[in-house]
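Okay, structure first, notes after.
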Amino acid sequence: YEMSFQYEQAVDYPVDLYYLMDLSKSMEDDKEKLSALGDLLAETMQEITSNFRLGFGSFVDKTVMPYVSTVPQKLKEPCDKCAAPYGYKHHMTLDTKTSDFARQVADAQVSGNLDAPEGGFDAIMQAVVCKQEIGWRDKARKLLVLSTDAGFHYAGDGKLGGIVTPNDGKCHMENNLYTHSTLLDYPSVSQINKIVKENSVNLIFAVTESELHIYEQLSAAVEGSSVGKLSNDSSNVVQLVVNQYEAITSVLEMKDNATGSVKVTYFSSCSDPTGPLRQTNKCSGLKVGSKVTFTAKIEVLKCPKDPREWRQQFQISPVGINEAVLVDLEMICNCECEVAGNPGYEENSESCGGVGSYKCGVCECPEDYFGRRC
């Protein structure tokens, strides 16, 4: 069955941007720059969409050896004029009062840790799944910008600090602090990919040049994510966010959650309405207002054994946006004449020696009878 549907990027579609910053000591100059650029970031994004909200959170690492020094004095002040280390802290809920952003960033204190990678994955997990605390809207394009100059710990690294319980992917926030930092291991790459997909979040990794190659590999494994190069003092952060936002919104990729017995293939001529249809689920170079028509070819590869699965509902949706086309699918896996009460179905039929059932022109014989006419 072929089904056509259209997609058009809405003007002024709401945008929620949550800025997640690595606040280890090496990022001190970046923090000052971001605080100065906070208003510019808000103004620039408001030119793109008037419906814009900004939030802010920060992370360091798990507060156990070997990630941070556990000497009592160092747990209070890991470096000169530094705050005590922590896993993840939520500073500012998504809000239209973007002027608060600069103040919150300026007020946030840097901290320190020992090893090179940071606990960014813990922070991403909490920032995505703690919907109410962060203030994500269902109908908005969700951007999560992770800004760092270091690599990341991932599942298995917790073992070094004696933390072996796998990350459960749930929200553990109290008084704006992540409470399970020292109880649960870091999330895995596939866990990050899963929650980002489920919550339609676009991750933007804003990282310094030395870490670009690592985050490019990570981005390839996380749906809807992208990587931008951050200058050493984060002075280009506004342009980076705008460029990545435009890159994300100019590309449209369709996905679906159909079961294994159903195959959906997409065809589109993308932004050229007179061009030939080609098999693709991805179009690029789109602008606000450009309309794209897709044709979804829905094939049933095999009939599921359980007749209850012959009726299904699945969604076709664009990656990174919480909107969908709902498809009600009814598979024709048997004929009416195979079911009692319909024409073409006769029990103990004369055509079948008076003993067999006549279904769709064929006899079905009881035990001890055989042959075309039983």
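Six or more apart or on different chains, Cβ atoms under 9 Å: show the pairs whose first residue is in segment 132-144 and of a type outside the set (Val, Ile, Thr) and whose second is open to solvent by 10 Å² or more (accessible area, probe 1.4 Å) and assigned to a helix (DSSP H, G or I).
138/131; 141/245; 141/248; 141/249; 143/244; 143/245; 143/248
Out of 56, 52, which single residue is more than 30 Å from residue 116 (Cα to Cα) and in contact with a helix residue (DSSP H, G or I) (Cβ under 8 Å, 6 or more places away or on another chain)?
Only one candidate qualifies: 52.
Cβ contacts < 8 Å: first residue touching a residue at least 60 places away in the same chain (Cβ under 8 Å) and over 26 Å from residue 133 (Cα atoms), restricted to segment 155-172; second residue assigned to a loop (DSSP other than H, G, I, E, B) and open to solvent by less than 40 Å² (accessible area, probe 1.4 Å), any location; separation 6+ or different chain. Result?
Every condition considered, the pairs that remain are 160/67; 161/62; 161/64; 161/67; 162/64.
Which is touching a Ser or Thr at 6+ places or on another chain (Cβ under 8 Å), over 30 Å from residue 35 (Cα atoms), β-branched (Val, Ile, Thr) and surrounded by 16 or more Cβ atoms within 10 Å (Cβ to Cβ), of 262, 251?
Step by step, each of 262, 251 is checked, and only 251 is touching a Ser or Thr at 6+ places or on another chain (Cβ under 8 Å), over 30 Å from residue 35 (Cα atoms), β-branched (Val, Ile, Thr) and surrounded by 16 or more Cβ atoms within 10 Å (Cβ to Cβ).
For residue 319, state whether it is out of contact with any helix residue (DSSP H, G or I) (no Cβ under 9 Å at 6 or more places or on another chain) and either small (Gly, Ala, Ser) or open to solvent by less than 70 Å² (accessible area, probe 1.4 Å) (or both).
no
Find the residue count for segment 58-110, including only residues that are under 27 Å from the mean Cα position of the chain (by Cα), over 30 Å from residue 46 (Cα atoms) and open to solvent by 30 Å² or more (accessible area, probe 1.4 Å).
Within segment 58-110, residues that are under 27 Å from the mean Cα position of the chain (by Cα), over 30 Å from residue 46 (Cα atoms) and open to solvent by 30 Å² or more (accessible area, probe 1.4 Å) number 0.
Here is a list of conditions, (1) in contact with a helix residue (DSSP H, G or I) (Cβ under 9 Å, 6 or more places away or on another chain); (2) open to solvent by 10 Å² or more (accessible area, probe 1.4 Å); (3) under 26 Å from residue 160 (Cβ atoms), and residue 224 meets all of them except one; can you say which number that is?
Just one mismatch for residue 224, condition (3).
Take residues that are at pLDDT 85 or above and within 19 Å of residue 201 (Cα to Cα) and tell me which of the strands (runs of 3 or more DSSP E) falling wholly in segment 1-106 contain 2 or more.
15-22, 52-59, 88-95
Among the residues of segment 111-136, write down those that are touching a Lys or Arg at 6+ places or on another chain (Cβ under 6 Å) and surrounded by fewer than 23 Cβ atoms within 10 Å (Cβ to Cβ).
Correct list: 112 only.
Would it be correct to say that residue 348 is among the polar types (S, T, N, Q) and either over 48 Å from the mean Cα position of the chain (by Cα) or modelled with pLDDT of 90 or more (or both)?
Yes: the conditions hold for residue 348.
Of everything in segment 271-300, what is open to solvent by 70 Å² or more (accessible area, probe 1.4 Å), β-branched (Val, Ile, Thr) and over 24 Å from the mean Cα position of the chain (by Cα)? Give them in sequence order.
Result: 274, single match.
Quick one: count up the residues across segment 11-45 that are closer than 22 Å to residue 322 by Cβ and open to solvent by 40 Å² or more (accessible area, probe 1.4 Å).
3
Taking segment 349-372, which residues are part of a loop (DSSP other than H, G, I, E, B) and of a type in the set (Phe, Trp, Tyr)?
At the first step, the residues of segment 349-372 found to be part of a loop (DSSP other than H, G, I, E, B) are 349, 353-356, 360-361, 365-372.
Selection gives 369, 370.
Can you tell me which condition residue 311 does not meet? The list is (1) touching a residue at least 40 places away in the same chain (Cβ under 8 Å); (2) over 24 Å from the mean Cα position of the chain (by Cα), and all the others hold.
Condition (1) is where residue 311 drops out.
The values are calculated or read from the model by the stated rules, or taken from the named source; none is laboratory data. Remember, it's a predicted structure, so these values are computed and weren't measured experimentally. FYI the Cβ positions are ideal-geometry reconstructions off the backbone, even for glycines, and counts take in every protein chain you see. The area values use the complete protein model at the heavy-atom level, side chains included, leaving out ligands, DNA and RNA. Shrake-Rupley method; radii C 1.70, N 1.55, O 1.52, S 1.80 Å.
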